[in-house]
Amino acid sequence: MSSLSLDTRLTELGYERRWTLYKLLVPVFFLMSMFLFATFILLKTGIGVWGVNIPVAWGFAIINFVWWVGIGHAGTFISAILLLMRQDWRNSINRLAESMTLFAVACAGLFPLLHLGRPWYFYWLLPYPNDMNLFPQYRSPLVWDAFAVMTYASVSLLFWYIGLIPDLAAARDKTKSKIKSVIFGIMSLGWSGTASEWAGWKRLTWLLALLATPLVISVHSIVSLDFAVAKLPGWHSPFFPPYFVSGAIYSGFAMVIVILLWLRKEFSLEDLITDLHLEKCARYLMISGTFLCYCYALEFFTVWLGQEHYEMKNIKHEFMGPKAVLFWLMIFCNVVSMQVLWVKKWRKNHKILFAVSLCVLLGMWLERYVIVVTTLSDTFLPAMKAGYRGTRWDWAILVGTFGVFAFGMICVLRFLPFIPISEIKEERHK
Amino acid sequence: MRVYQFREFGPFLEASRTAVKEKILADVHTPIHHHELDELLHLKPKAVNRGYYIGGILGILTGALITIIPNVFTFRINVGGRPLFSWPAFAILMFELMVLFAAVGSIMAFLFSQKYPRYDRAIFALPEYHDKDKGEYFLVTTEDLRGSSALHSYRLS
């Protein structure tokens, strides 16, 4: 395919397949309405509509926040880390992955705001000038979280937009619509592809990738410190940072695989999103999953080795307590299901890969549920023991965020060049 | 000014070299990045590097100031026996702000060095630039380029 026809194909793809996307809008709008209504009820009534209680004061909000932020990390891994490693195969999927990151982080960011109870006071977490002599508590991991997630969202957005500029210019030149030409022209800032622009752009994307790479490690490590800094059994552990980061990459690649499998079929992109891409993503899924299995084994082994009473009680609670079914389901989804991918024939089977990825997404949500609820529901004091169950409003907000995420992705697929045109051309030129 | 349109990179590069030698090169427009042009035109985006380092240093300093000043000087409050200068905790914020400010600094430097937004470029007036049907490589010179193998050439006001 010539360079020019590639331009035309990739800039018009969203328009040509618009009915595929429009059909999805019905369930997506339903989910978003569910989210908005549940949020309205939450803001009107208060956190009491959720299932949180004493001692399980953290529930779905923190679980969903950690799950969504984790999913975002694979996008940054693909767009930044694989760029620095000069893995050219990432070129056709990196913008999709970055878009996934943006909307995943947007969904994640909703939960710390909503769980405040008075989300309009969220700015108290930041050091703004005030006459009450107030400063945030910088020793708290919740404040670290605020800065980390804010930095991650900002850098991801900027990295995504800068990478998009040359392709917006290509869309400006190729589109037949005058309105779109003006909009793309404004968004591309007047890019004309001069040698000076390309040199600056290349250097800038490289530097932004250099900045985004440590963020992949640091942000989810800081999120894990929300738990690890607390002196609770099952939480207070030094291996939480790498445990959470590997889990994040695991769930993120699972989401990437789900999106890629759907997209290449619906948009006929088998020549751009090839079996090689799926094979590489499956291998990264296996690497991160294997490390996660090691972390589970390490957790159980170190508790057994230490023989500390409350840690042992927590593990027993996980294995045999009221939520044991969810724990063993988590083990099946995260540990057992992934093992089928060791067989090449099954790894190349797209239906099996899709099913395993869905299992991993469910398993990673259950992991955060088990970590949060098992520890909080039975800690030190005998009196501090309670069950936990998510209410309809908990579920409505969680399921509603799928709609928010899907809506964002649909907008990108419909209106923007979601396959990086210039990077594909450069790869073919080489 | 004259604009020469090429379909292939090879002849375009040769023509660019000739234009540089004759000191009549005004600009080049390409669909992708080419290292050969960076070498030919001695392009080193130093502004982006400077924005990156200055932003990073400002980020570290900002993180240090907003954490150290209230905890060590203004409100010297013992919170659960923790040290006033809790540098591991403060380092996390310093790192995050370093990353944020370095990203913003490098982007601002890129935008300023390229004088964005630039919607009034002369090349945009050329319909062939937007169509690109006859080629995606454009060489802009201040005078006529002799012996060029360009398929098409245009006059640009």
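Taking amide H positions as placed in the peptide plane 1.01 Å from N, state which residues far from B:Tyr137 in sequence (5 or more) or on other chains have amide H under 5 Å from it.
B:Phe6
Counting only helical runs of four or more DSSP H residues, what would the 222 nm mean residue ellipticity of chain A come to if each run contributes -39,500 (n - 2.57) and the total is spread over all its residues? Show your work: numbers first, answer last.
Values: 15 runs with 294 residues, N = 430.
Rounded to the nearest 500, it is -23500 deg cm²/dmol.
Can you tell me the FRET efficiency between A:Lys345 and A:Trp89 if r is taken as the Cβ-Cβ distance and R0 is 25 Å, rounded to the nearest 0.05? Mind showing how you got there, number by number?
Details: r = 22 Å, r/R0 = 0.86.
With a Förster radius of 25 Å, E is 0.70.
Quick query: amide H of A:Gly321 versus all other amide H atoms, modeled in the peptide plane; which residues come in under 5 Å with a sequence gap of 5 or more or a different chain?
Counting only residues 5 or more places away or on other chains, the set is empty.
Please give the helix B:87-113 orientation as an angle from the longest Cα principal axis of chain B, in degrees from 0 to 90, rounded to the nearest 10.
In chain B, helix B:87-113 runs at an angle near 20 degrees to the longest axis.
Picking from A:Leu416, A:Leu157, A:Leu134, which is most flexible by a Gaussian network model of chain A using Cα springs under 10 Å?
The residue that fluctuates most here is A:Leu134.
Counting only other chains, what is the mean number of Cβ atoms within 10 angstrom of the Cβ of each residue in peptide A:121-134?
Details: counts 0, 0, 0, 0, 0, 1, 7, 0, 0, 0, 0, 0, 3, 2.
What the average comes to for A:121-134 is 1.
Stick to Cα atoms and the Kirkwood definition of Rh, then tell me Rg/Rh for the stretch B:1-75.
Numbers: Rg = 22.9 Å, Rh = 16.4 Å.
Checking Rg against Rh, the ratio lands at 1.40.
Normalised by the number of residues in the stretch A:222-319, what is the relative contact order in percent for Cα pairs under 8 Å and 6+ residues apart?
On the way: 58 pairs, mean separation 29.8, N = 98.
Once normalised by length, the contact order is 30 percent.
Could you derive backbone 3J(HN,Hα) for the stretch A:37-49 from the dihedral phi with the Karplus parameters 6.51, -1.76 and 1.60 (θ = phi - 60°), listing whole Hz in sequence and x where the residue is Gly or Pro?
Couplings: 5, 5, 5, 4, 4, 4, 5, 6, 9, x, 5, x, 6 Hz.
Quick check: the distance between the Cα centres of the stretch A:158-214 and the stretch A:298-359, to the nearest angstrom?
Here the answer is 43 Å between Cα centres.
Ranking request for peptides B:43-49, A:383-389: highest mean number of other beta-carbon atoms within 10 Å first, then the rest in descending order.
B:43-49, A:383-389
Compute the FRET efficiency between A:Phe29 and A:Arg392 as 1/(1 + (r/R0)^6), taking r as their Cβ-Cβ distance and R0 = 25 Å, and round to the nearest 0.05. All intermediate terms of the calculation are to be shown ahead of the outcome.
Values: r = 20 Å, r/R0 = 0.79.
E(calc), rounded to 0.05, equals 0.80.
Mind checking the full-extension length gain between A:Val182 and A:Met320? Use 0.36 nm per residue of separation minus the Cα-Cα distance, one decimal, nm.
On the way: separation 138, 0.36 × 138 = 49.68 nm, distance 6.22 nm.
This chain segment gains 43.5 nm when fully extended.
What is the sum of charges, Lys and Arg at +1 and Asp and Glu at -1, for the other residues whose Cβ falls under 15 Å from the Cβ of A:Ala406? Each step should come with its number before you reach the end.
Details: positive: A:Lys23, A:Arg414; negative: A:Glu266.
With Lys, Arg at +1 and Asp, Glu at -1, the net is +1.
Summarise the partner chain shielding of B:46-59 as one whole number: the mean count of Cβ atoms from other chains within 10 Å of each residue's Cβ.
Numbers: counts 2, 3, 9, 3, 0, 2, 6, 1, 0, 1, 2, 0, 0, 1.
Partner Cβ neighbours, averaged per residue: 2.
Suppose each label sits 7 Å from its Cα in the direction of the beta carbon; what would the A:Thr20-A:Lys430 distance come out to in nanometres?
Placing both labels 7 Å along Cα→Cβ, they lie 2.7 nm apart.
List the cysteines in chain A whose Cβ has no other cysteine Cβ under 4.7 Å from it.
Unpaired cysteines in chain A: A:Cys107, A:Cys281, A:Cys293, A:Cys295, A:Cys411.
Mind checking which aspartates and glutamates have their Cα closer than 19 Å to the Cα of A:Lys280? Skip sequence neighbours fewer than 8 apart in that chain.
Within reach: A:Asp88, A:Glu98, A:Glu270, A:Asp271, A:Glu423, A:Glu427.
Counting only other chains, what is the mean number of Cβ atoms within 10 angstrom of the Cβ of each residue in peptide B:32-39? Mind showing how you got there, number by number?
Details: counts 14, 14, 5, 3, 1, 5, 6, 0.
Mean partner-chain Cβ count within 10 Å for B:32-39: 6.
Taking H placed 1.01 Å from N in the peptide plane, check which residues at least 5 places from B:His152 or on another chain put their amide H under 5 Å from its amide H.
Those qualifying (amide H under 5 Å, at least 5 residues apart or on another chain) are B:Gln5.
Students often forget the sequence filter, so: which lysines lie under 27 Å Cα-Cα from A:Lys316 once same-chain residues fewer than 8 apart are removed?
Partners found: A:Lys231, A:Lys385.
If you take the Cα atoms of chain A, find Rg, then find the Kirkwood Rh from the mean of 1/r over all pairs, what is Rg/Rh?
Numbers: Rg = 22.6 Å, Rh = 22.9 Å.
Ratio of gyration radius to Kirkwood radius: 0.98.
Under a point spin-label approximation (7 Å from Cα along Cα-to-Cβ), what is the A:Thr290-B:Thr74 distance to one decimal in nm?
The answer from the label model is 5.2 nm.
Residue-wise, which Karplus ³J(HN,Hα) couplings in Hz belong to the stretch A:170-178, taking 6.51 cos²θ - 1.76 cosθ + 1.60, θ = phi - 60°, and x for glycine or proline?
5, 5, 4, 6, 8, 5, 8, 7, 5
On the accessible surface of the protein assembly as shown, probed at 1.4 Å, how many percent belong to carbon and sulfur atoms? Intermediate results must be reported in sequence, preceding the final value.
Working: 17510 of 25940 Å².
Carbon and sulfur together cover 68 percent of it.
To two decimal places, what compactness ratio does the stretch B:37-153 give when its Cα radius of gyration is scaled by 2.2 N^0.38 Å? Present the calculation step by step, with values, prior to reporting the outcome.
On the way: Rg = 25.1 Å, N = 117, 2.2 N^0.38 = 13.4 Å.
Output field value: 1.87.
If you add up the charges near A:Ile62, with Lys and Arg at +1 and Asp and Glu at -1, over every other residue whose beta carbon is less than 12 angstrom from its beta carbon, what do you get? Let's see the in-between values first.
On the way: positive: A:Arg368; negative: A:Asp145, A:Asp226, A:Asp394.
Net local charge, A:Ile62 excluded: -2.
Top mean-square fluctuation among A:Phe122, A:Phe35, A:Phe159, Gaussian network model of chain A, C-alpha springs under 10 Å?
Fluctuation is largest for A:Phe122.
For the stretch A:100-109, take each phi angle, set θ = phi - 60°, evaluate the Karplus expression 6.51 cos²θ - 1.76 cosθ + 1.60, and give the result in whole Hz per residue in order, putting x for glycine and proline.
Using θ = phi - 60°, the values come out as 4, 4, 4, 6, 5, 5, 4, 5, 4, x Hz.
Over 27 Å between Cα atoms, which of A:Lys23/A:Lys345; A:Lys180/B:Lys115; A:Lys430/B:Lys115; B:Lys23/B:Lys44; A:Lys178/B:Lys132 qualify? Write out the running numbers ahead of the final one.
Details: A:Lys23/A:Lys345 33 Å; A:Lys180/B:Lys115 23 Å; A:Lys430/B:Lys115 30 Å; B:Lys23/B:Lys44 20 Å; A:Lys178/B:Lys132 17 Å.
As for pairs spanning more than 27 Å Cα to Cα, those are A:Lys23/A:Lys345; A:Lys430/B:Lys115.
Mind computing the radius of gyration and Dmax over the alpha-carbon atoms of the stretch A:82-225? Å is fine for both.
19.0, 57
Among A:His309, A:His236, A:His220, determine the one that fluctuates most according to a GNM of chain A built with springs between C-alpha atoms less than 10 Å apart.
Highest fluctuation of the listed residues: A:His309.
The values are calculated or read from the model by the stated rules, or taken from the named source; none is laboratory data. Please read all numbers here as calculations on a predicted model, not as lab measurements. So basically every Cβ, Gly included, is an ideal-geometry build from the backbone, and we count neighbours across all protein chains shown. Each accessible area value is taken on the protein alone, full model and side chains, heavy atoms only, with ligands, DNA and RNA left out. Shrake-Rupley method; radii C 1.70, N 1.55, O 1.52, S 1.80 Å.
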